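**Q** Shown below is the structure under consideration.
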Amino acid sequence: MRPDMQDQILSIIAREAAMEPAEVHPDMTLEELGLDSLGLVEMIFSIEETFGVSVPFNANEPTQSDFDISSVGAIVRAVERLIASPQPEMA
């Protein structure tokens, strides 16, 4: 992933966690960031809007998703995969 993309993702995560981007590390979990379910959904929306992707995420069943939210690093890798894969046309 290009460093500027990773920086954008970290910035989105940091904003939702009310932290500075420099405080966010790849091994941190959402719990360590203090992100609640609303913050998680806002983060997903921001990622979708920023990168023009559709995140396969179900807010009602977050652990049953193809989008790995287990850590900051996992989120960055999941976004990288989404950006690299072709997106379906929206009707």
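The values are calculated or read from the model by the stated rules, or taken from the named source; none is laboratory data. All values derive from a computational prediction rather than experimental measurement. We work out accessible area using only protein heavy atoms, side chains counted, and drop any ligands, DNA or RNA first. Shrake-Rupley method; radii C 1.70, N 1.55, O 1.52, S 1.80 Å.
**Q** Taking only protein heavy atoms and a 1.4 Å probe, what accessible area per residue, in Å², does the chain have with all protein chains in place? Let's see the in-between values first.
**A** Working: 5680 Å² over 91 residues.
Per residue, the chain has an accessible area of 62 Å².
**Q** What is the percent carbon and sulfur in the accessible area of segment 3-84, measuring with a 1.4 Å probe over the protein chains and ignoring ligands?
**A** Numbers: 2230 of 4640 Å².
Summing carbon and sulfur atoms, their accessible area is 48 percent of the total for segment 3-84.
**Q** Once you have all Cα-Cα distances for the chain, histogram them in 5 Å bins from zero and send the whole-percent values.
**A** 3, 14, 27, 28, 18, 7, 2, 1
**Q** Turning to a different aspect of this structure: With angles folded into 0 to 90 degrees, how steeply does helix 72-84 sit against the dominant principal axis of the chain? Use alpha carbons for both and round to 10.
**A** 20 degrees
**Q** If you average the sequence gap of Cα pairs under 8 Å that are 6 or more apart and divide by the length of the chain, what percent do you get for the contact order? Don't skip to the answer; put the middle values down first.
**A** On the way: 84 pairs, mean separation 26.9, N = 91.
Relative contact order for the chain comes out at 30 percent.
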